[in-house]
Each structure stands twice: as C-alpha cells, then as structure tokens.
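The values are calculated or read from the model by the stated rules, or taken from the named source; none is laboratory data. Predicted model only: the values in this text are computed from it and were never measured. Note that each Cβ is placed from the backbone with ideal geometry, even for glycine, and that neighbours are counted across all protein chains shown.
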Amino acid sequence: MGHVYIPGLRVSEYELVKKHRILPIKGEVLAEVGQSVLPDTVVARAFIPGKVKTENIAGLLSIEPTEVKTYMKKKVGEEFSEDEILAESKGFFGLFRTSIKAPFDGTVEGISNITGQVIFRAEPAPLEVKAYIPGIVKEIYPKEGVLIETWASFIQGIFGIGGERYGTIKIVVDDPTEPLDESKIDESCRGAIIVGGTVLPVSAIEKAEKFGVIGIVIGGIDARDLVDYLGYDLGVAITGSESTLLSIIVTEGFGDIPMANKTFELLKKYQGHRASINGATQIRAGVIRPEIIIQQKEPSNEILYKITSPEIKGLEMGSTVRVIRVPYFGKIGQVDELPAELRKLQSETEARVAVIRFGDEVVTVPRANLEMIE
C-alpha cells in the first residue's frame, strides 16, 4: 500500500536552516559572503523617502508669491532642522514678526513663485534588515539582501503573534501538562523566552510584559484570552506585525492542550541557550508557521548521515497527527485506520478520511484536516 502524504509541523533537533533576508525595496547589502552574523547584525539597508509637507508661505506671511524666495532663509536643496526658522516677515518697525518654523528635519524641495507654496521633505527613514538568526552568509543578492545558513534545532508552532525576537530559553513549568500562570513569572524571566505547558491566561501575558519577557512558548491558549490581550479579533489575516512587547508561539492549538512531549523535552534540553523566535502565522495559501530556532554546532558525521538520508514516511497506521479544523482543532491522536474508499461528509461532499483515536474516543476526520507531527 502506498503512503499518504499530508503536511506536518517540524520538530527537529538538527536541521540546516536557511533564511532569505530581503529588503522590500532596492537598497544596499552590508554583509559579505562567508561573514559570520548575529541576530542583530544589520545585513541590508534601504532608505524610504521622507514625508512631504506643503506650506502656503505667501498666505502665512501676507506677501506676494513672487516675494517668497526673498523671505525664505533656505534655498531649494538646503537642509534644515526641526523648529529652525525657515521664513520670517519683516514686521512693523522690526516688531510683530511672523515666523515659519520647520516641522521636522529635512530639506526644501521646491518653492513656487506662482502659488507662493513651499514644499518641505523630511529626511529619508532608514529601513534595516537584520540577520534574525546567528549563522553564515552564504549568498548575496545585490541591492536586495542575503541568504543565511545555520545548523539549528527547529520547532514550528501551529499559531503565533508578534514578530522576530531573540532571547534565552527558560522553562518555567515542571511538565508539559502544567499551566503557565502569573505566579511562575518574576524578575528572573527578563529577556527570556519562557516555556510553559498548557493554558496561558491573559494575566500571565500582561505580567510577562511587565517583567520584560520577550517571548512565550505554550501548548495551548484560549482564543478569548488572546482577544482580550490584543484588544481585537485577529480573524484570518497574517499575524506577526502586532504592536506587542513580546511574541507568543502556540505549539498545539486553541484550548487546554498540553505541549507535545517531544517539543517540551527538546526545549528543556536547550534551556539556557539563545534562540530566535518569530510568531508570524498564515494558515491559508502561502502557509507561514511560527518558529523557534536554536543554533547548533555542525553535527557529527553519524548525525549528518541520519539527517541527509532520512526514512521518508507518509501517513500510516499509528502515525501521530494533529487535527487542524473544528470540531477537533488542535487535538493530537493516532491513526487507527485509513479507509481506501471515499466517505460522505456532513457537507454532503465525499473525501478520503482517516479514523483517529484520541485516548478512548475514536473519530473520523477528512485527511485534508490533518497534519503530521514529524
């Protein structure tokens, strides 16, 4: 019988992680091939044109448009600082002058002797791309970015919020079934990526922010707590750009779900190590998963052989899977049966299904609603 292939979340102790670090607009690459980089190393930079502001100087100074250049203290192309006087009326016997101050740091972009308006442009805003992971620059893409590689432990979550961050892994529970409540968070968690077991109340998230935690990894979370913390419903949009002080990675799903033992033990093994995390998630087309990356030394030949010559497996009897659709979203179980024939679903459509066992409960789930725990 042939294997059935379905997607899965990766939990791997040794993996060659590759990250393209690309600017959204053309710019300058600052790194070189072979360079060793740290997460906060700036590898590429571009400059976004500054905002533009137009002022009717003729109207503000009660002068003719043709006189504006005479009253301006800066010429086209000259720079100015915020609050610097750019134009000033002569006043009455040197008194009661009207002054026009600069709204920001920038340059004079244009002066019109027809409308009497002056165009000010703010200084370009730098846009930097950092390495995000420690590693080696393997390729350069001129004016665009770089490719960075590193051997690492690589863990994917099912959902997350918050962007890229870097910190030290700290386990704050004894086992993956233990909730992460606020009593487990204190000053020792500052700058850390704290790891809990199951359930993360909003009170614990708020306390984590207060103590400078940069990331939380948890098995499950109540969707209502997430909404209460953010102040709005995320919907189905891509996450990762939230204006939060920390990133959250949920490894299993929504609800009271313990973290998978394999994931917990791997994180526990590398407690005290530095890790890069990113909560960005996109469930639909162009899937993006939240991730945890812990840099490793290059593996031995024995480990390298196992990595480069893996036994390819698909969905089969006994496979551990996670359901990614309601009503069993986030639940983890084992495959009991893989019927060959199509089965009719509640939607009246027909699809291939799998019989999944959750402890004593046995349910039938469309195979498209499953992902493997690799």
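Numerical summary
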quantity: Condition met for Phe254 (without any contact (Cβ under 8 Å) to a residue 40 or more places away in the chain, among the aromatic types (Phe, Trp, Tyr) and surrounded by fewer than 22 Cβ atoms within 10 Å (Cβ to Cβ)); calculated: no
quantity: Test: Val68 is hydrophobic (A, V, I, L, M, F, W, C), in contact (Cβ under 8 Å) with a residue 40 or more places away in the chain and either assigned to a strand (DSSP E or B) or not assigned by TED's automatic domain parsing to the domain that holds Ala102 (or both); calculated: no
quantity: Output for the range 246-289, where each listed residue is over 24 Å from Lys210 (Cα atoms) and either touching a His at 6+ places or on another chain (Cβ under 6 Å) or assigned to a strand (DSSP E or B) (or both); calculated: Glu252, Gly253, Phe254, Gln282, Ile288
quantity: The range 91-119, subset free of Cβ contacts under 8 Å to residues at least 12 places away in the same chain and part of a loop (DSSP other than H, G, I, E, B), residue farthest from Phe47 (Cα to Cα); calculated: Phe93
quantity: Test: Ser81 is in contact with a Ser or Thr (Cβ under 9 Å, 6 or more places away or on another chain), surrounded by fewer than 19 Cβ atoms within 10 Å (Cβ to Cβ) and either of a type in the set (Ser, Thr, Tyr) or on the phi > 0 side of the Ramachandran plot (or both); calculated: no
quantity: Residue in the range 34-63 that is farthest from Lys143 (Cα to Cα), counting only those that are part of a strand (DSSP E or B) and hydrophobic (A, V, I, L, M, F, W, C); calculated: Val52
quantity: Candidate set from the range 318-374 (those that are of a type in the set (Asp, Glu) and in contact with a Lys or Arg (Cβ under 6 Å, 6 or more places away or on another chain)); member that is nearest to Ile155 (Cα to Cα); calculated: Glu374
quantity: Condition check for Lys331: at pLDDT below 90 and touching a Phe, Trp or Tyr at 6+ places or on another chain (Cβ under 7 Å); calculated: yes
quantity: Number of the exception - Gly215 against (1) closer than 16 Å to Thr251 by Cα; (2) over 18 Å from the mean Cα position of the chain (by Cα); (3) at pLDDT 95 or above; calculated: (2)
quantity: Whichever residue in the range 339-354 is more than 35 Å from the chain's Cα centre (by Cα) and in a strand (DSSP E or B) and, among such residues, is surrounded by the fewest Cβ atoms within 10 Å (Cβ to Cβ); calculated: Lys344
quantity: Pick from the range 224-244, criterion farther than 19 Å from Glu164 by Cα and assigned to a loop (DSSP other than H, G, I, E, B), ranking: modelled with the highest pLDDT; calculated: Gly231
quantity: Out of Ile193, Ile205, Ile218, sole residue that is assigned by TED's automatic domain parsing to the domain that holds Ile158, in a strand (DSSP E or B), of a type in the set (A, V, I, L, M, F, W, C) and farther than 21 Å from Val326 by Cβ; calculated: Ile193
quantity: Close pairs from the range 205-218: first under 15 Å from Ser243 (Cα atoms), partner hydroxyl-bearing (Ser, Thr, Tyr) and surrounded by fewer than 24 Cβ atoms within 10 Å (Cβ to Cβ), Cβ under 6 Å, at least 6 apart; calculated: Ile205/Tyr229
